[in-house]
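Asker: Just passing along the structure, written as structure tokens.
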Amino acid sequence: MADIISTIAGTGVKGYTGDGGPAVSADLSEPFMCELDTKGNIYIVEATNHCIRLLDIDSQIVNTVAGTGKAGYSGDGGPANEATFNEPYAVQIAANGDIYVVDRLNAAIRKIDHNSGIISTFAGGTKGGGYIEPNDCFLVDNTALLVADVQSQKITSVDLLTGAVTDVAGNGEKARKGDGGLALEASIFGARAVCKDNKGNMYVCEREGNAIRRIDTKGIISTIAGTGDFGYEGDGQHSLKSTWNGPKAIRCDQANNLLVVDTENHAVRQIDLNTYTVQTVAGGHEGGDGDGGPSTEAGLNRPHACSADAKGNLYIADSDNHKVRMVTRDW
């Protein structure tokens, strides 16, 4: 039996409607991330609606929890649903319910307190706090937040208690150099996304480099996927023989796979971290077709993120289709 794809949010029409109703009847605008909390609820980051919406997994109702729908940089110290963002790209939800948002064009990491709903700037802001264009974030043990900055070419770690920012990878040069050495001394070719596996290895998605790098627990960096060339080859082969086209997101699932959103190939692919074999798991051609059928026969349109739940099901931010889609996996 094949993995089946379906739409769980969005009509396919670009817009900003539907709060308080079924998620499949809502209009979205360029969802760039869909992230799960501990209960399985889905936070949808809409870049050009400048907001975060919450899809309740039980009721399937969607509501805005942060942002007004207008671009800006306001609201710190007040309710998150009265604040403005400028193209938010990513979100992480801590175990205690605090929400961290990458506010891309404001070059800020913002925090929404789980008790009060009050928003504040947690790190960076207006390009004066060390970030140029943060694109992704990833929580580590609910003590630190990793941030990928695609323009500074660095991965940083923000201490959740103190707010202190520390470089953990990248020397600021936009290139792929330094494999076999310390990640802090290496260069990164488009630091678009970051995540960790359950063994403590860190992975960096290189947007312009069309590759994936790994940083082991000793801080040594290496390339694990991609020849560096643009393309869509290598399924069924070792990841070092594969080609990609502007990959923009990475996350690990519970089965020791690294999910890679191969944006300009309109696909989600996975790298088996036991064998380093590459396989497409959803999409592979541009389109919005395929709901109710096998995920690898469906079309996607420039997806920007993918998350996995504990059962292995995938949730895809199908950005230019203005939808969130789900792949029910046959494991």
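Asker: With the requirement that a residue be out of contact with any Leu (no Cβ under 8 Å at 6 or more places or on another chain), in a strand (DSSP E or B) and of a type outside the set (S, T, N, Q), what does segment 94-121 give you?
Answerer: Ile99, Val101, Val102, Asp103, Ala108, Arg110, Lys111, Ile112, Ile118, Ile119
Asker: Of the residues Ser307, Ser239, Ser295, Ser319, which single one is among the hydroxyl-bearing types (Ser, Thr, Tyr) and more than 20 Å from Arg207 (Cα to Cα)?
Answerer: Just one listed residue meets the conditions, Ser295.
For every residue, the table says whether it meets (1) open to solvent by 40 Å² or more (accessible area, probe 1.4 Å); (2) of a type in the set (S, T, N, Q); (3) in a loop (DSSP other than H, G, I, E, B); (4) closer than 29 Å to Asp103 by Cβ.
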| site | (1), (2), (3), (4) |
| --- | --- |
| Gln151 | yes, yes, yes, yes |
| Thr162 | yes, yes, yes, yes |
| Val168 | yes, no, no, yes |
| Val194 | no, no, no, yes |
| Cys205 | no, no, no, yes |
| Thr223 | no, yes, no, no |
| Thr227 | yes, yes, yes, no |
| Glu233 | yes, no, yes, no |
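Asker: Here is a further query. What residue, of Thr48, Thr68, is modelled with pLDDT of 95 or more, part of a loop (DSSP other than H, G, I, E, B), more than 19 Å from the chain's Cα centre (by Cα) and not basic (Lys, Arg)?
Answerer: Answer to the selection: Thr68.
Residue by residue, here is whether (1) touching a residue at least 24 places away in the same chain (Cβ under 8 Å); (2) crowded, with 18+ Cβ neighbours inside 10 Å; (3) out of contact with any helix residue (DSSP H, G or I) (no Cβ under 8 Å at 6 or more places or on another chain); (4) not β-branched (Val, Ile, Thr) holds:
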site	(1), (2), (3), (4)
Ala80	yes, yes, yes, yes
Arg104	yes, yes, yes, yes
Ile112	yes, yes, no, no
Ile132	yes, no, yes, no
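Asker: Has segment 282-301 got any residue that is within 24 Å of Phe138 (Cα to Cα) and assigned to a strand (DSSP E or B)?
Answerer: Yes, segment 282-301 contains a residue that is within 24 Å of Phe138 (Cα to Cα) and assigned to a strand (DSSP E or B).
The values are calculated or read from the model by the stated rules, or taken from the named source; none is laboratory data. Keep in mind it's a predicted model, so treat the numbers as computed, not measured. We place every Cβ from the backbone using ideal geometry, glycine too, and count neighbours over all the protein chains shown. These accessible areas exclude ligands, DNA and RNA; they are computed on the full protein's heavy atoms, side chains included. Shrake-Rupley method; radii C 1.70, N 1.55, O 1.52, S 1.80 Å.
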